[in-house]
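Working notes, beginning with the structure itself.
The values are calculated or read from the model by the stated rules, or taken from the named source; none is laboratory data. Treat the numbers as computed from the prediction; the structure is a model and nothing was measured. Because the Cβ atoms are built from the backbone with ideal geometry, glycine has one as well, and the counts that use them run over all protein chains shown. Heavy atoms of the whole protein, side chains included, go into the accessibility calculation; ligands, DNA and RNA do not. Shrake-Rupley method; radii C 1.70, N 1.55, O 1.52, S 1.80 Å.
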Amino acid sequence: MSWDFTISDVLQVCGISCAQISRKGEARVPCPRAVKNSKGKTAMFDVNLEKNNFKCFQECEGCVSKGGMLDLYNLLMDRPFDDRKGARKEIISKLGCDVHPTQSRKKAVEEKPAAQEPKPDVEKLNKAYRMFLNALPLYDKHRQNLSKRGLSDEFISKGLYRSVPETGDRNKVLKELNKCGLFKGVPGFYTDKYGHLQIAAFASGFFVPYFNAEGKITGMQIRYDKPKEGYPKYVWFSSIGYGVDGCAAFISAFYGIPGLSDISQSSAVYVTEGALKAAISTCLDKNHHLFVAIAGVNCYAQWEELCEHLKKKKIKIIVDAFDNDRTVNEHVERALKKLYSIAESYGIRMQHLSWDASYKGIDDFLLGVTTRKKCSKRAFIPPMQRREKNGKNNR
């Protein structure tokens, strides 16, 4: 396929400046999701202006870490990673209307001032998402998927998991919701050129709501059934770049499913990666520990928010139940050190929870125990507060 633009043009239409370019033709671009590196600064990734591709070494869950021009555009504009056709169309349109293609791939692009994002209206988000989810079905294939993962019927019901609607259901639901006028400015929704309400979800999968500390839904992820090769299974429900009123997702921590998770009853809180994993772990844990979650180990802003809330609740111990890939991924290991440091600054200590290394996630391990699969007896390291009661502080 012949291209009418370069990756420099993509940066330009996205308002990204790259004044310093290396001899290899590479520019450093800040993470559009404000992920922090191990030093607490905004992470950077490499854009090769000669080869028209990019590479990020953070490898955050739910994000694409490398690709070409269209992948970069979808990343910077927070669009669905699999919508390359739509990305190309938008780029060509913006180049034709707003800017001219660059004459040299090494030419620095003009920086556009970034607009300050308004704070989300949590009440509106919660009302809109709940109305939307209550109107959706949960298809049998997705209910079975959730059940096989270990979720009980009660957790599935109160967790408000719903399927991305197929064409017939989609049209019926959106036609009804369009009448209330509530969804303008809500991430994941947009208005098409005919004035009809639409959702930015186009493949089979199910929604995973993120509940805040008050039990309100502030955002959602989509877990796709069959993501394209190289793309994540989980993506944020976002509509930025769609219609005239599409907008980016508001990303926050997950505090558990309302009615099934109570921090006030916990002396320690367990933390893992991803809302669905936290819900499954809470459901399967026979000791009834509470699992909360951030979207990824690099999500330091969410972590700060979570630590601040736990401090107010007088929680002094967080049990680290992040995945076992820390032993083979140096980026994950560095990010975890940063999380420990942040927690300590709030007066909260962290205790690493270990389990059978053949299971990557704590949810997988707990499911293995529940279904009586062969698991190591040395699955759990006792939480710190138990050790201290025994007069042993093995920090």
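Could you tell me which residue of segment 140-160 is nearest to Pro209 (Cα to Cα), considering only residues that are assigned to a loop (DSSP other than H, G, I, E, B) and touching a residue at least 60 places away in the same chain (Cβ under 8 Å)?
Gly159
Looking at Gly256, Gly205, which is the one that is among the small types (Gly, Ala, Ser) and farther than 20 Å from Gly296 by Cα?
Among Gly256, Gly205, only Gly205 is among the small types (Gly, Ala, Ser) and farther than 20 Å from Gly296 by Cα.
Any chance you could count how many residues in segment 275-296 are part of a loop (DSSP other than H, G, I, E, B) and either farther than 17 Å from Asn324 by Cβ or open to solvent by 10 Å² or more (accessible area, probe 1.4 Å) (or both)?
Residues flagged as part of a loop (DSSP other than H, G, I, E, B) and either farther than 17 Å from Asn324 by Cβ or open to solvent by 10 Å² or more (accessible area, probe 1.4 Å) (or both) within segment 275-296 amount to 7.
Between residues in segment 171-199 that are in contact (Cβ under 8 Å) with a residue 24 or more places away in the chain and residues that are among the basic types (Lys, Arg) and not in a loop (DSSP other than H, G, I, E, B), which pairs lie under 9 Å by C-beta distance while being six or more apart or on different chains?
Close Cβ pairs (under 9 Å, with a partner that is among the basic types (Lys, Arg) and not in a loop (DSSP other than H, G, I, E, B)) amount to Leu182/Lys124; Leu182/Lys127; Gly185/Lys124; Val186/Lys124; Gln198/Arg170; Ile199/Arg170.
Could you count how many residues in segment 68-98 are open to solvent by 20 Å² or more (accessible area, probe 1.4 Å) and either at pLDDT below 50 or of a type in the set (Val, Ile, Thr) (or both)?
3
Find the strands (runs of 3 or more DSSP E) located wholly in segment 167-270 whose residues include 1 or more that are touching a Phe, Trp or Tyr at 6+ places or on another chain (Cβ under 6 Å), over 24 Å from Gly67 (Cα atoms) and not small (Gly, Ala, Ser), and list them.
Once the strands (runs of 3 or more DSSP E) in segment 167-270 are filtered for at least 1 residues that are touching a Phe, Trp or Tyr at 6+ places or on another chain (Cβ under 6 Å), over 24 Å from Gly67 (Cα atoms) and not small (Gly, Ala, Ser), what remains is 189-191, 197-199, 205-211, 217-224.
Return the total of residues in segment 322-337 being open to solvent by 50 Å² or more (accessible area, probe 1.4 Å) and either at pLDDT 85 or above or assigned to a strand (DSSP E or B) (or both).
1
Select from segment 156-172 the residues that are farther than 23 Å from Ser261 by Cα and in contact with a His (Cβ under 8 Å, 6 or more places away or on another chain) and list them in ascending order.
Ser163
Could you list, in sequence order, the residues of segment 301-321 that are open to solvent by 40 Å² or more (accessible area, probe 1.4 Å) and either in contact with a Leu (Cβ under 8 Å, 6 or more places away or on another chain) or part of a helix (DSSP H, G or I) (or both)?
Ala301, Glu304, Glu305, Glu308, Lys311, Lys312
Let me spell it out: the conditions are (1) out of contact with any Cys (no Cβ under 7 Å at 6 or more places or on another chain); (2) surrounded by fewer than 20 Cβ atoms within 10 Å (Cβ to Cβ); (3) not basic (Lys, Arg), and Gly185 meets all of them except one. Which number is the exception?
Among (1) out of contact with any Cys (no Cβ under 7 Å at 6 or more places or on another chain); (2) surrounded by fewer than 20 Cβ atoms within 10 Å (Cβ to Cβ); (3) not basic (Lys, Arg), Gly185 violates only (1).
Between residues in segment 345-369 that are in a loop (DSSP other than H, G, I, E, B) and residues that are hydroxyl-bearing (Ser, Thr, Tyr) and open to solvent by 30 Å² or more (accessible area, probe 1.4 Å), which pairs lie under 6 Å by C-beta distance while being six or more apart or on different chains?
Listed by first residue and then by second, the contacts come to Asp356/Ser376.
Say whether the condition of being among the polar types (S, T, N, Q) and modelled with pLDDT of 70 or more is met by at least one residue in segment 12-29.
Scanning segment 12-29 turns up at least one residue that is among the polar types (S, T, N, Q) and modelled with pLDDT of 70 or more.
Tally up the residues in segment 204-213 that are open to solvent by 40 Å² or more (accessible area, probe 1.4 Å) and either free of Cβ contacts under 8 Å to residues at least 24 places away in the same chain or more than 18 Å from Val292 (Cα to Cα) (or both), please.
1
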